[in-house]
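Peer 1: Starting off with a structure, shown below.
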Amino acid sequence: MKRGWERFVCSLLMVVLVSGYGYAEVKSGSNATPPPYREGELIVKYRDHVSEARRMAGHSRHGSKRKKEFRDLHMEQVKIRPGLSVEKAIREFEADGDVEYAEPNYVLKATNVPTDPKFYSTWGLTKINAPAAWDNTTGSAGVVVAVIDSGIDYNHPDLKANMWVNQSELTGRPGVDDDGNGAVDDIYGYNAVSNSGNPMDDNGHGTHVAGTIGGVGNNGIGVAGVNWSVRIMACKFLAASGSGYTSDAIECLQYIKKMKSRGVNIVATNNSWGGAGYSRALSDAINAQRDILFIAAAGNAASNNDTTATYPAGYNLPNVIPVAATTSSDGLASFSNYGRRSVLVGAPGYSILSTYPNNRYVSMSGTSMATPHVAGLAALIKAKYPTQDWRGIRNLILSGGDRPVSLSAKTVTGRRINAFGSLTCADSRVFSALKYPSIIQPGVATTLSALSINCANPAGPVTVSLSGGEVMTMRDDGVSPDLAAGDGVFTVSWIPVRAAETFYFSSPVGAETVTVGK
């Protein structure tokens, strides 16, 4: 292999802010610094009953213009009138009775940290015990993972055979939307940056991610991915610079949802990006496709996501799997974010060798590199157990892992994934308190939740006992405040009567005591 790639790889350093970005005083989770956004634009969510005519009348009143519509979300990317600041535009739109909320079009970026490309290694696959897992299955061409990223070099010799192909467009007429999905010539996926059907990678990040998920195995060249056989769908929303916008990420999610509804067996999306604050619009878009796992990089700020949330990994949604990065010695990578209550699992993310555009291979580090190990494992599980839904696949990922000391207080499960363990899971129990108030306000309702699973299945009953002797049964029935039935997260609504409390969470698979305010 060639070895003169240092300058090229270093050019992939995380993107700094450039002209055309701004900052707004908007809701952004617990981030200390307001996140960057695109000047002159908003994402606007309309109330469900608002007609097209009323939307157009609203644009006339506000002097705005619709750039893109996300129809089934009742949402639009909006160009605001010249001279109006984003902050004032948000206030103006949210005062409109037809609008549910408005927010900036946040900037998102790839979460890789490039390393010395001379250090070639495929240690990650060995560490997650992939060779043993491959005795059970090497993947399936009937399983699809969508990579939402900078695109994919779909001509790479280690990826081409595993690319998802839209047969209607491949055999159709050039320049025509043959399958009527709104995209022209989308043979390998979609490009939300250029609104085209060509998701070719002009950055490298997405191609690297794809190789870890599904570099073709046993072909005598390059590397093998977690799956030797799989189908990888590309959706490009990160530009050549490595940055992109919330609106384009939502457009990718909408494209993937549409293809899933047409019968494409999409098991998971890989999301090795982040950096913006809380976006209700992006959260709503992820929540609108619960049947697809959303596997997300925890972030590279070496910070605690429990106290300073990073998005999209930080969205409290049942199909989101936040991933920390580990090293070859099973330590938590020095750059990796973590979270005892918010980051579910760890995976190899330091000096990971994978595919790169123009028939190359480089080694890179970051939670970006850890995330595709998990997305690849989701596909491998689906290949082995085709009847498992997103809940069972998620729980097998979480319960099948090993328990390095470095993750014992850094992730919810305390585990680094193990592909063989997930495929052969038997009586592997995971229990953890997930949600409870950091500050208790008597009389103010709050939510308590806990993860209780044994391999793929929920493990109940789950109860929480309080300092005063009260005992509450937690439920996994999908009735509010529980987010999803049968996913192994048990929830209860609680109105405190004391400012200090000791919670004793317990189930047949474990127990945990948490004290707040004492």
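The values are calculated or read from the model by the stated rules, or taken from the named source; none is laboratory data. Everything quoted here is computed from the prediction, not taken from an experiment. Virtual Cβ from ideal backbone geometry, glycine too; neighbours counted across all protein chains shown.
Peer 1: Among the residues in region 469-480, are any at pLDDT below 95 and on the phi < 0 side of the Ramachandran plot?
Peer 2: Looking for residues that are at pLDDT below 95 and on the phi < 0 side of the Ramachandran plot, one finds none in region 469-480, hence no.
Peer 1: Looking only at region 461-483, filter to residues that are crowded, with 18+ Cβ neighbours inside 10 Å and of a type outside the set (D, E, K, R); which one of those is farthest from Lys518 (Cα to Cα)?
Peer 2: Leu483
Peer 1: Tell me which residues, restricted to region 299-320, are in a loop (DSSP other than H, G, I, E, B) and aliphatic (A, V, I, L, M). Please lay out each step first, then the result.
Peer 2: In the first step, residues of region 299-320 are kept if they are in a loop (DSSP other than H, G, I, E, B); the result is 299-303, 305-319.
Result: Ala301, Ala302, Ala309, Ala313, Leu317.
Peer 1: For region 33-77: of the residues being of a type in the set (Ser, Thr, Tyr) and surrounded by fewer than 17 Cβ atoms within 10 Å (Cβ to Cβ), which is modelled with the lowest pLDDT?
Peer 2: Keep residues of region 33-77 that are of a type in the set (Ser, Thr, Tyr), which gives 33, 37, 46, 51, 60, 64.
With surrounded by fewer than 17 Cβ atoms within 10 Å (Cβ to Cβ) added as a condition, the list becomes 33, 51, 60.
Numbers: Thr33: 65, Ser51: 95, Ser60: 94.
Restricting to residues being of a type in the set (Ser, Thr, Tyr) and surrounded by fewer than 17 Cβ atoms within 10 Å (Cβ to Cβ), the top hit is Thr33.
Peer 1: For the list (1) touching an Asp or Glu at 6+ places or on another chain (Cβ under 9 Å); (2) closer than 13 Å to Ser354 by Cα, I need the number of the one condition that Gly217 fails.
Peer 2: Every condition holds for Gly217 apart from (1).
Peer 1: Using the structure shown, decide if Asn319 is at pLDDT 95 or above, under 19 Å from Thr491 (Cβ atoms) and not basic (Lys, Arg). Steps first, answer last, please.
Peer 2: Numbers: at pLDDT 95 or above: yes; under 19 Å from Thr491 (Cβ atoms): yes; not basic (Lys, Arg): yes.
When the stated conditions are applied, Asn319 passes them.
Peer 1: Answer with yes or no whether Ala288 is within 16 Å of the chain's Cα centre (by Cα) and buried (at least 24 other Cβ atoms within 10 Å of the Cβ). Give the derivation first.
Peer 2: On the way: within 16 Å of the chain's Cα centre (by Cα): yes; buried (at least 24 other Cβ atoms within 10 Å of the Cβ): no.
When the stated conditions are applied, Ala288 does not pass them.
Peer 1: Taking strands (runs of 3 or more DSSP E) that fall entirely within region 349-443, which contain at least 1 residues that are closer than 20 Å to Val209 by Cα and in the same structural domain as Gly468 (by TED's automatic domain parsing)? Give the steps one after another, and end with the answer.
Peer 2: Working: elements: 352-356, 360-365, 429-435.
Result: empty, no element qualifies.
Peer 1: Identify the residue in region 451-465 that is assigned to a loop (DSSP other than H, G, I, E, B) and in contact with a Pro (Cβ under 9 Å, 6 or more places away or on another chain) and, among all such residues, is nearest to Val430 (Cα to Cα).
Peer 2: Taking region 451-465 first, the residues assigned to a loop (DSSP other than H, G, I, E, B) are 455-456, 459-461.
Those left that are additionally in contact with a Pro (Cβ under 9 Å, 6 or more places away or on another chain): 459-461.
Values: Ala459: 9, Gly460: 12, Pro461: 14 Å.
The extreme case among them is Ala459.
Peer 1: Does any residue of region 132-149 turn out to be in contact with a His (Cβ under 9 Å, 6 or more places away or on another chain) and modelled with pLDDT of 95 or more? I'd like the intermediate steps shown before the answer.
Peer 2: Residues of region 132-149 in contact with a His (Cβ under 9 Å, 6 or more places away or on another chain): 149.
Next cut, modelled with pLDDT of 95 or more only: 149.
Among the residues of region 132-149, at least one is in contact with a His (Cβ under 9 Å, 6 or more places away or on another chain) and modelled with pLDDT of 95 or more, which makes the answer yes.
Peer 1: Given the criteria of a type in the set (Val, Ile, Thr) and crowded, with 17+ Cβ neighbours inside 10 Å, does Thr515 qualify?
Peer 2: Details: of a type in the set (Val, Ile, Thr): yes; crowded, with 17+ Cβ neighbours inside 10 Å: no.
Taking the combined requirement at face value, the residue does not satisfy it.
Peer 1: Pull up region 241-255, narrow it to residues that are of a type in the set (S, T, N, Q) and crowded, with 23+ Cβ neighbours inside 10 Å, then point me to the one that is nearest to Asp149 (Cα to Cα).
Peer 2: Pass one, region 241-255, residues of a type in the set (S, T, N, Q): 241, 243, 246-247, 254.
Right, trim to crowded, with 23+ Cβ neighbours inside 10 Å and you get 243, 246-247, 254.
Details: Ser243: 9, Thr246: 12, Ser247: 13, Gln254: 14 Å.
Here the answer is Ser243.
Peer 1: Return yes when Gly124 is assigned by TED's automatic domain parsing to the domain that holds Ser261, farther than 30 Å from Val86 by Cβ, among the small types (Gly, Ala, Ser) and at pLDDT below 95 and no when it is not. Reasoning before the result, please.
Peer 2: Details: assigned by TED's automatic domain parsing to the domain that holds Ser261: yes; farther than 30 Å from Val86 by Cβ: yes; among the small types (Gly, Ala, Ser): yes; at pLDDT below 95: yes.
Judged against the criteria, Gly124 is a match.
Residue by residue, here is whether (1) of a type in the set (Ser, Thr, Tyr); (2) in the same structural domain as Thr413 (by TED's automatic domain parsing); (3) in contact with a strand residue (DSSP E or B) (Cβ under 6 Å, 6 or more places away or on another chain); (4) without any contact (Cβ under 8 Å) to a residue 60 or more places away in the chain holds:
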position: Ala210; (1), (2), (3), (4): no, yes, yes, no
position: Asn265; (1), (2), (3), (4): no, yes, yes, no
position: Ala268; (1), (2), (3), (4): no, yes, yes, no
position: Gly277; (1), (2), (3), (4): no, yes, yes, no
position: Asn287; (1), (2), (3), (4): no, yes, no, yes
position: Arg290; (1), (2), (3), (4): no, yes, no, no
position: Ile295; (1), (2), (3), (4): no, yes, yes, no
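Peer 1: A follow-up question, please. So Pro481 ticks every box in (1) in contact (Cβ under 8 Å) with a residue 60 or more places away in the chain; (2) closer than 23 Å to Val444 by Cβ; (3) under 24 Å from the mean Cα position of the chain (by Cα) but one. Which box is left unticked?
Peer 2: Every condition holds for Pro481 apart from (1).
Peer 1: Could I ask something else about it? Could you tell me which numbered condition Glu92 fails, if it satisfies all but one of (1) of a type outside the set (A, V, I, L, M); (2) more than 26 Å from Ser51 (Cβ to Cβ); (3) modelled with pLDDT under 95; (4) out of contact with any strand residue (DSSP E or B) (no Cβ under 8 Å at 6 or more places or on another chain)?
Peer 2: (2)
Peer 1: Would you mention how many residues in region 301-343 are free of Cβ contacts under 8 Å to residues at least 24 places away in the same chain and among the acidic types (Asp, Glu)? Full working, then the answer.
Peer 2: Here is the first cut: in region 301-343, the residues free of Cβ contacts under 8 Å to residues at least 24 places away in the same chain are 327, 329.
Now narrow it down to the ones that are among the acidic types (Asp, Glu): none.
Within region 301-343, residues that are free of Cβ contacts under 8 Å to residues at least 24 places away in the same chain and among the acidic types (Asp, Glu) number 0.
Peer 1: Does Tyr311 satisfy the criteria of being surrounded by fewer than 24 Cβ atoms within 10 Å (Cβ to Cβ) and of a type in the set (Ser, Thr, Tyr)? Please lay out each step first, then the result.
Peer 2: On the way: surrounded by fewer than 24 Cβ atoms within 10 Å (Cβ to Cβ): no; of a type in the set (Ser, Thr, Tyr): yes.
So Tyr311 fails the test.
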